[in-house]
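In what follows, a structure is listed as structure tokens, so that the remarks can point back to it.
The values are calculated or read from the model by the stated rules, or taken from the named source; none is laboratory data. Model, not experiment: these values are computed from the prediction. With ideal geometry, Cβ positions are generated from the backbone for all residues, glycine too; neighbour counts draw on all protein chains shown.
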Amino acid sequence: MHITSDRRLDDGTLERRFTLGDVPGILWTSGSTAVPAPLVLLGHPGGLERMYPRLAARARGTVAAGFAAATLELPGSGDRPRSGAAERARADLRRAVQAGEPVPDDVADRLILPLVEEAVPELRAALDALLALPGIGGSVGYAGGVISVGVRLALVEPRIAAAVLFAGSVVPRAVVEEARRVTVPLHVLLQWDDEGNDRQAALDLFDAFGSAEKTLHANTGGHTGVPEFEADAGNRFLARHLR
């Protein structure tokens, strides 16, 4: 892990950009090392620069709640190499959505499963590096999407103590089966009027989770219309389980 830059944001949050091998990432902390802060990995749909305004806003709230926050560039996004197979699957997905048709299982598999297989080991390697830094320690949470990445990470990574999952992306049937074996506490967000995603599929995924504690927060509005108060609710949920 190599820190490439650092700066103080206007609220005092310390933002450090880093690379993990050739994967870019960003770490946000209070800058204090007096008391180790639990770490929250922020998931997103890809492209750090494109997503930066929303990620930075989420990170500021996370740090203000007493955590450290970090994120990685997803495979195939930003300046990372593109996958021809993923681009073809994405085009097939767009055609199905625009036609108002169900997304075929093979399209979901081709688009999501390779992403999960590559992204989750990178996130686990990031945990190794980030938890070795001064000022970070204790339990780890995950917050965001792509939801299939969060499901796999919650299943295979024992350091994940709780997860806030954004139900806003297509989910392969294999991931739904994995969800049955997820047992960490979950806080799931669903936009009821999400124009590009299948509401019933999101409800079926929530039903499949094996966690004894799982809460669904459903709000009216489209894909990017998550109410601001949900960020506070998610941080309160994480505080109950990471401290």
Matching option when the condition is surrounded by 15 or more Cβ atoms within 10 Å (Cβ to Cβ), without any contact (Cβ under 8 Å) to a residue 40 or more places away in the chain and closer than 16 Å to Gly144 by Cβ, among His217, His187: His217
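Of the residues Leu115, Leu123, Leu130, Leu153, which is modelled with pLDDT of 95 or more and under 25 Å from Gly225 (Cβ atoms)?
Leu115
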Among (1) over 19 Å from Val188 (Cβ atoms); (2) touching a helix residue (DSSP H, G or I) at 6+ places or on another chain (Cβ under 8 Å); (3) in a loop (DSSP other than H, G, I, E, B); (4) not hydroxyl-bearing (Ser, Thr, Tyr), the one test that Leu115 misses: (3)
Selected residue (only one of Arg88, Arg95, Arg124 is farther than 24 Å from Asn197 by Cα, of a type outside the set (Phe, Trp, Tyr), free of Cβ contacts under 8 Å to residues at least 40 places away in the same chain and surrounded by fewer than 16 Cβ atoms within 10 Å (Cβ to Cβ)): Arg124
Tabulated pairs, the range 47-74, first within 16 Å of Ala126 (Cα to Cα) and of a type outside the set (D, E, K, R), second assigned to a loop (DSSP other than H, G, I, E, B) and at pLDDT 95 or above, C-beta under 6 angstrom, 6+ apart or interchain: Leu48/Glu73
Unique match (being hydroxyl-bearing (Ser, Thr, Tyr) and either buried (at least 23 other Cβ atoms within 10 Å of the Cβ) or in a helix (DSSP H, G or I) (or both)) among Ser148, Ser211: Ser148
Matching strands (runs of 3 or more DSSP E) fully within the range 1-80 where at least 2 residues are under 13 Å from the mean Cα position of the chain (by Cα) and closer than 21 Å to Val164 by Cα: 37-42, 68-72
Every residue from the range 165-209 that is hydroxyl-bearing (Ser, Thr, Tyr) and closer than 17 Å to Pro104 by Cα: Ser169
Criterion violated by Asn197 - all others in (1) outside any loop (DSSP other than H, G, I, E, B); (2) closer than 30 Å to Ala91 by Cβ; (3) not β-branched (Val, Ile, Thr) satisfied: (1)
